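Colleague: Dumping the structure here so I can ask a few things about it.
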Amino acid sequence: MRFIQLNKPDPKDAEPALLAADEKVVKKGFLKKLKKVALKITFSEKLLAAYFCATDRKTPLKAKAILMAALAYFVVPADLIPDFIIAFGFTDDISVLIAAINSVKKHITEQHVEKAQAWLDVND
């Protein structure tokens, strides 16, 4: 009897597709949502610097994928704790974002931080 071995998909093949999907969500809604909630969250500058890092061509793919996934979670309205719940709505978003930012912080450069500061100054 002969067995046919089915090849398992390589996780590396899925990474670019997942990144592309997250990137589409982030590009469509991140800045719009940040403008709405910037005053409600205390780390808007770090969040925006992470966005600029994620959209930087020089950022390694793995770091981009981590940041884009976290930023997409922030953008998508259906999450663990709905954002409209006062005092708790952003708790899950913040946890995911802080974990993502901390895991790739060496890739968030001074230029990303400066772009974030400039953007926030213009959009106050």
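Colleague: Within region 38-71, can you find the residues that are touching a Phe, Trp or Tyr at 6+ places or on another chain (Cβ under 7 Å) and either assigned to a helix (DSSP H, G or I) or crowded, with 18+ Cβ neighbours inside 10 Å (or both)?
Modeller: 48, 51, 71
Colleague: So, in region 93-107, how many residues would count as being surrounded by 13 or more Cβ atoms within 10 Å (Cβ to Cβ) and either more than 17 Å from residue 30 (Cβ to Cβ) or at pLDDT 85 or above (or both)? Lay out the reasoning, then the answer.
Modeller: If we filter region 93-107 for residues that are surrounded by 13 or more Cβ atoms within 10 Å (Cβ to Cβ), which is where we start, we get 93-98, 100-101, 103-105, 107.
Retained after the next criterion (residues that are either more than 17 Å from residue 30 (Cβ to Cβ) or at pLDDT 85 or above (or both)): 95-98, 100-101, 103-105, 107.
Counting residues in region 93-107 that are surrounded by 13 or more Cβ atoms within 10 Å (Cβ to Cβ) and either more than 17 Å from residue 30 (Cβ to Cβ) or at pLDDT 85 or above (or both) gives 10.
Colleague: Another question, then. Under 9 Å between Cβ atoms, at least 6 apart or on separate chains: pull out the pairs that start in region 108-121 with a residue that is modelled with pLDDT of 95 or more and part of a loop (DSSP other than H, G, I, E, B) and end on any residue that is surrounded by 13 or more Cβ atoms within 10 Å (Cβ to Cβ) and of a type in the set (Gly, Ala, Ser).
Modeller: Cβ pairs passing all conditions: 108/49; 108/50; 108/63; 109/49.
Colleague: Can you find even one residue in region 74-87 that is of a type in the set (D, E, K, R) and either at pLDDT 80 or above or under 21 Å from residue 16 (Cα atoms) (or both)? I'd like the intermediate steps shown before the answer.
Modeller: Here is the first cut: in region 74-87, the residues of a type in the set (D, E, K, R) are 79, 83.
Now drop any that are not either at pLDDT 80 or above or under 21 Å from residue 16 (Cα atoms) (or both), which leaves none.
No, because not a single residue in region 74-87 is of a type in the set (D, E, K, R) and either at pLDDT 80 or above or under 21 Å from residue 16 (Cα atoms) (or both).
Colleague: Give me the pairs, please: first residue somewhere in region 15-26 and in contact (Cβ under 8 Å) with a residue 40 or more places away in the chain and at negative phi, second residue anywhere and aromatic (Phe, Trp, Tyr) and part of a helix (DSSP H, G or I), beta-carbon distance under 8 Å, and either six or more positions apart or on two chains.
Modeller: Sorted first by the residue in region 15-26, then by its partner, the pairs are 26/51.
The values are calculated or read from the model by the stated rules, or taken from the named source; none is laboratory data. Predicted model, so just to flag it, every value in this text is computed and none were measured. Heads up, the Cβs are rebuilt from the backbone with ideal geometry, glycines too, and the neighbour counts pull from every protein chain shown.
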